[in-house]
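Structure record follows, encoded as C-alpha cells.
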Amino acid sequence: MTSLPVRRPRGRPREDKADTKPNQSLEKALGLLKSLSDHDGLTLTELSEKSALPPSTTHRLLSTLAGHDLVTVDEPSQKWSIGIEALRIGMAFQRRNQILLAGRPAMTDLMEATGETVNMAMLDGVEVVFVSQVECHEPIRAFFGIGQRRASHASGIGKALLAEMPAERIEAFLRGKPLARFEPATITDPEALRAELETIRRRGWSIDDEEANAGMRCVAAPIFNAFGEARAGISLSGPSTRLTPDRLPELGQKVRAAADRITALIGGHLLT
C-alpha cells in the first residue's frame, strides 16, 4: 500500500536548511526602521553612521521603505522618520492583543484616582517592552515611549512578571548575563533578587525604588491570562517626592486592583 504524504501545517514554511540564512537586505532595512523608531528624525548621514552602512546603501533601503510608506522624509530638514504605514502595521498588534483594549479604561481610572502616569508592558525575552500609556497631567511626570525597553530586574513591571515565573525559568534567567547596574539602588545580586521576587509574590505588587532612574519610583502588578500566566503588567510611575514610602502600600493595592480588573476583563485568572 502506498503511504500518503505527510501534510505540513500551512502556518510555517517547509524547513529547508538552505533557507535558514537571514536575508541581509531585509535585516539592514529592519535595522533602519528600529533606529528611526528611537528618534523623532534622522538625516541620511546620521542613519548611515548609526547603522554602519554606506550612505548609498542606506539611501537605497530608505527609498524602498518610502515606496511602501514605512518611512518618510521631511524635505526642508532632510530628516527621515517613521511613516504612516508603520502605524497601521503596529495597530495590528493592538487589535490582536485584547489586553490593550481591555486595559485602557482601567489604566485611565487608575491615573485619575492617583494623579500619576500609568503604563502597561509585556515581557520580551529578559526585557519588558512598554505597549500602552496613560499620562498624568503633572508638569513633572514619568514618561516611557511606546516600544521602549527596560531590563526586567530593574523594572517594576519586570519584577512583577519575574515573580510569577516558574522557579526553573527564574534560575535560567539568573544564570544568564550578570544583572546590569543602572543606579546605586539597582538589585544586581542574584540572591537579593530572589528574595525580592518572593516578597513580591506574597504581596501581589512590586516596587521599582529608583532602581532604573534616580528620583523616580514605580509600583506595578501582573495581569494574568486564561491559563494563569502573567503575560503583562501595569505600573504607576512618578517622582519619588510624590510616590513617598508611606504611600506605597496604598498605591500598591490600587495598582493590584486595576491589574485584577484587567485580568477579569480578558477572562484571565490567577492559579492557586
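Once you charge only the Cβ atoms, +1 for Lys and Arg and -1 for Asp and Glu, what is the size of the charge dipole of the range 22-87 about its Cα centre, to the nearest 20 debye?
Value, rounded to 20: 240 debye.
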Dipole magnitude of the range 80-220, debye to nearest 20 (Cβ charges: Lys/Arg +1, Asp/Glu -1, about Cα centre) = 460 debye
Taking placed amide H atoms and a strict 5 Å upper bound, the residues 5 or more places from T188 or on another chain that come that close are none
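Run the dipole for the chain about the Cα centre, Lys and Arg Cβ at +1, Asp and Glu Cβ at -1, nothing else charged, and hand back the magnitude in debye, nearest 20.
Details: 35 positive and 35 negative charges, 230 e Å.
Magnitude of the dipole: close to 1100 debye.
Write out the chymotrypsin sites (Phe, Trp or Tyr not before Pro) in the range 139-178 meeting two conditions: DSSP loop, and at most 13 other Cβ atoms within 10 Å of their Cβ.
Numbers: sites: F143, F144, F173; in loops: F143, F144.
Here the chymotrypsin sites (Phe, Trp or Tyr not before Pro) that fit, given the DSSP loop and packing criteria, are F143.
Any of K79/K177; K21/K50; K34/K254; K34/K177; K177/K254; K28/K79 with alpha carbons more than 26 Å apart? Name them for me.
Details: K79/K177 37 Å; K21/K50 24 Å; K34/K254 35 Å; K34/K177 24 Å; K177/K254 34 Å; K28/K79 19 Å.
Pairs exceeding 26 Å: K79/K177; K34/K254; K177/K254.
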Convex hull volume of the Cα atoms in the range 167-240, per residue, in Å³?
-> 101 Å³
GNM of the chain, Cα pairs under 10 angstrom: of A195, A221, A106, the biggest fluctuation goes to A195
Could you work out how far apart the two model spin labels at T45 and K21 are, taking each label as a point 7 Å from the Cα in the direction of the beta carbon, and quote it in nm?
-> 3.6 nm
Say we join alpha carbon atoms closer than 10 Å with springs in a Gaussian network model of the chain; which of S237, S206, S25 then has the biggest fluctuation?
-> S25
Between E191 and E85, the two model label points (7 Å from Cα along the beta-carbon direction) sit apart by a distance in nm of 5.6 nm
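At 0.36 nm per residue, and after removing the present C-alpha to C-alpha distance, how many nm does the segment from A167 to T64 gain when stretched out fully? It would help to have the intermediate numbers written out before the result.
Working: separation 103, 0.36 × 103 = 37.08 nm, distance 4.63 nm.
Using 0.36 nm per residue and subtracting the Cα-Cα distance, I get 32.5 nm.
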Starting from the amide H of T43, placed 1.01 Å from N in the peptide plane, find each other amide H under 5 Å away whose residue is 5 or more places distant or on another chain.
-> W80
Quick one: length gained pulling S35 to E135 fully straight, 0.36 nm per residue minus the C-alpha distance?
-> 33.5 nm
What residues qualify as long-range amide H neighbours of A232, i.e. H under 5 Å apart, gap of 5 or more or another chain, H built at 1.01 Å from N?
-> I223
Just one of (1) 1.36; (2) 1.17; (3) 0.98 is Cα Rg over 2.2 N^0.38 Å calculated from these coordinates, so which is it?
-> (2)
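Full-extension gain between R247 and L270, please, as 0.36 nm times their residue separation minus the C-alpha to C-alpha distance. Please list the in-between numbers first.
Details: separation 23, 0.36 × 23 = 8.28 nm, distance 2.59 nm.
Stretched fully, the R247-L270 segment lengthens by 5.7 nm.
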For the range 52-64, 3J(HN,Hα) per residue [Karplus equation, 6.51 cos²θ - 1.76 cosθ + 1.60, θ = phi - 60°, Hz, x = Gly/Pro] = 6, 10, x, x, 5, 5, 4, 5, 4, 5, 5, 5, 5
From phi via Karplus (6.51, -1.76, 1.60), per-residue ³J(HN,Hα) for the range 198-208 in Hz, x at Gly/Pro | 5, 4, 4, 4, 6, 7, x, 8, 10, 10, 9
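Based solely on its DSSP helices, what 222 nm [θ] is calculated for the chain when runs of n ≥ 4 H residues each add -39,500 (n - 2.57) and the sum is averaged over all residues, nearest 500 deg cm²/dmol? Present the calculation step by step, with values, prior to reporting the outcome.
On the way: 9 runs with 112 residues, N = 272.
Taking each H run of at least 4 residues, the total per residue is -13000 deg cm²/dmol.
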Amide N of the range 253-272 lying under 17 Å from the label point, which is placed 7 angstrom from the Cα of Q98 along Cα→Cβ | 260-270
For the range 22-87, evaluate the Debye formula with one uniform point scatterer on each Cα (no solvent term) and list log10 I(q)/I(0) at q = 0.15, 0.25, 0.26 Å⁻¹, rounded to two decimals.
-> -0.38, -1.13, -1.23
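Could you give the alpha-carbon Rg of the range 82-201 over 2.2 N^0.38 Å, rounded to two decimals?
That works out to 1.19 for the range 82-201.
Every read-out reported here was derived from the displayed coordinates using simple, explicitly stated rules and does not represent laboratory data. If you're wondering where the values come from, they're calculated on a predicted model, not measured in any experiment. FYI the Cβ positions are ideal-geometry reconstructions off the backbone, even for glycines, and counts take in every protein chain you see.
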